[in-house]
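Asker: Below is a structure I'd like to ask you about.
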Amino acid sequence: MEIDWKAITDEAVRHLQALIRIDTTNPPGNEKAAADYLAEVLSAEGYDPVVLESAPGRGNVVARYRGSGEAPPILLISHLDVVPAEPEHWEHDPFGGDVVDGMVWGRGALDMKSIVVMQLMTMLLLARGRVPLARDVIFAATADEEMGGRYGAGFLVDHHPDLIRAGHALTEFGGFPVEMGGRRIYLCQVAEKGICWVRMRARGKPGHGSTPHRDNAVVKLAAAVAKLGRTDLPFHRTDAAAEMFEGMARAVGGVQGLVLRLLLNPTLSPLILRLLPEPRLTNYFHALLHNTVSPTVLRAGSKTNVIPSEAVAELDGRILPGHDLDSFLAEVRAVVGDGFEFEPIEVAPPVQTTSRTPLFATMAEVLRRHDPGAAVVPMMMTGGTDAKHLARAGVPCYGFSPMRLPPGMDFMSMIHGHNERIPVDALAFGVQVLYEVVETYCGR
Ligand SMILES: [Zn+2]
């Protein structure tokens, strides 16, 4: 079947505008309206989609294109919710879906309604072409990713695992380019750090503020927080970080390549990190090579003249693949010393898969075909996505939402920010690349 990509792009833009105009700000979410919209589009093309409500208004939609079943399915999974927008700071209505100067504007234009549309168009093109495949292709657009995914991917994994069981999943965070050493590098997520949010409590002797003593819980806690702020937890080399730094090193070559490789050297890494030109890069690379801890919430005392008997800090801990709550707390205790109680608030394990698969090779090959000269490199995220829920179901996940963004347009700084928008060309690129990846990888 000859595909008219110009017409497909117009169609993709219309769907993206429609989805942006459905306000799915989470909280509260209200993803059901968007799920219903997609179900209607899919039904009109011969699919049999199901809309599952995990709670009132929290909609998830799943549909399946049938292959021969010779090979395991591939899952195209996205989230329908968006983060709050603060409309007063935008140049165009965040829920207007306007096309201005070749860009579609709106909350979710990048994260991730554009990717919902790329995955939707893949489903529509498969159905229209009656393309023979060896694998089923599953489409799942879910609720609640921005608040942890309990009502979305987590709900599907816990209550409808048969609907989404697959050999691999493709989702957000990957496939967008960064410029490095004159090369355009497409980073594709293969790993993400885990979460260890904990409460750290110091206890002391209560007393009157007029007669200070040495056993003040506030002072003990403050000293521990200060130590955590200026001490790095130990260096750890993980497969995911090694694949990432070595991949970037190969792509840029020369002195820059050497510097990137030296970051993996436990002795030289701290020095190299300090010498990097951009603090943002230093912080990101540091987080890829260490468990990290950010003190974020402090609580103690209720009256100026009363020394409280306890003080509490909440710590946002993030752990590398290979670590867990116990190994993280051991590292924190080594910094703050004895005398503190720790209590988990939320814990999610890290996720790591490998890039050495035929699917990753197909992603790289198709991207390079559409952007000759670009490199494709596996990436680890310091934050988290729905990949952690899929890992529980045994489905390895790649971040792959291909977009060729123009130089100067930085994906990571635009998502969750003001004036989120996507060039129509980048959407068109993504629709075609994703379709070709699925058709090639699943074809027979
Ligand atoms: Zn997202």
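The values are calculated or read from the model by the stated rules, or taken from the named source; none is laboratory data. The structure displayed is predicted, hence computed values, not measured ones. All Cβ positions, even for glycine, are placed from backbone atoms using ideal geometry, and neighbour counts span all protein chains on display.
Asker: Give just the number: which of (1) more than 16 Å from the ligand (Cβ to nearest atom); (2) charged (D, E, K, R); (3) part of a loop (DSSP other than H, G, I, E, B); (4) within 27 Å of Lys6 (Cα to Cα) does Glu91 not satisfy?
Answerer: Glu91 satisfies every listed condition except (4).
Asker: Tell me whether segment 409-420 contains one or more residues that are of a type in the set (Asp, Glu), buried (at least 22 other Cβ atoms within 10 Å of the Cβ) and either at positive phi or touching a strand residue (DSSP E or B) at 6+ places or on another chain (Cβ under 7 Å) (or both).
Answerer: Scanning segment 409-420 turns up no residue that is of a type in the set (Asp, Glu), buried (at least 22 other Cβ atoms within 10 Å of the Cβ) and either at positive phi or touching a strand residue (DSSP E or B) at 6+ places or on another chain (Cβ under 7 Å) (or both).
Asker: Counting only residues that are loosely packed, with under 14 Cβ neighbours inside 10 Å and more than 18 Å from the chain's Cα centre (by Cα), which one in segment 347-364 is farthest from Thr382 (Cα to Cα)?
Answerer: Pro358
Asker: Hey, does segment 131-139 have a residue that's modelled with pLDDT of 95 or more, buried (at least 23 other Cβ atoms within 10 Å of the Cβ) and in a helix (DSSP H, G or I)?
Answerer: No: zero hits.
Asker: Tell me, which strands (runs of 3 or more DSSP E) lie completely within segment 146-258 with 2 or more residues that are within 16 Å of the ligand (Cβ to nearest atom) and in contact (Cβ under 8 Å) with a residue 12 or more places away in the chain?
Answerer: Qualifying strands (runs of 3 or more DSSP E): 168-171, 174-180, 183-192.
Asker: Moving on to the next point. Are any of the residues in segment 372-391 in the same structural domain as Arg165 (by TED's automatic domain parsing) and free of Cβ contacts under 8 Å to residues at least 40 places away in the same chain?
Answerer: Yes, some residue in segment 372-391 is in the same structural domain as Arg165 (by TED's automatic domain parsing) and free of Cβ contacts under 8 Å to residues at least 40 places away in the same chain.
Asker: Right, another one. Quick one: in segment 280-309, which of the residues that are under 36 Å from the mean Cα position of the chain (by Cα) and of a type in the set (D, E, K, R) is surrounded by the fewest Cβ atoms within 10 Å (Cβ to Cβ)?
Answerer: Out of the qualifying residues, it is Arg280.
Asker: Leu163 is checked against (1) under 15 Å from Leu75 (Cα atoms); (2) surrounded by 22 or more Cβ atoms within 10 Å (Cβ to Cβ) and fails just one. What number does that condition carry?
Answerer: Going through the list (1) under 15 Å from Leu75 (Cα atoms); (2) surrounded by 22 or more Cβ atoms within 10 Å (Cβ to Cβ), Leu163 breaks only (2).
Asker: Right, another one. Pick out the one residue from Ser68, Ser114, Ser43 that is of a type in the set (Gly, Ala, Ser), in a helix (DSSP H, G or I) and either at pLDDT below 95 or exposed (fewer than 15 other Cβ atoms within 10 Å of the Cβ) (or both).
Answerer: The unique qualifying residue is Ser43.
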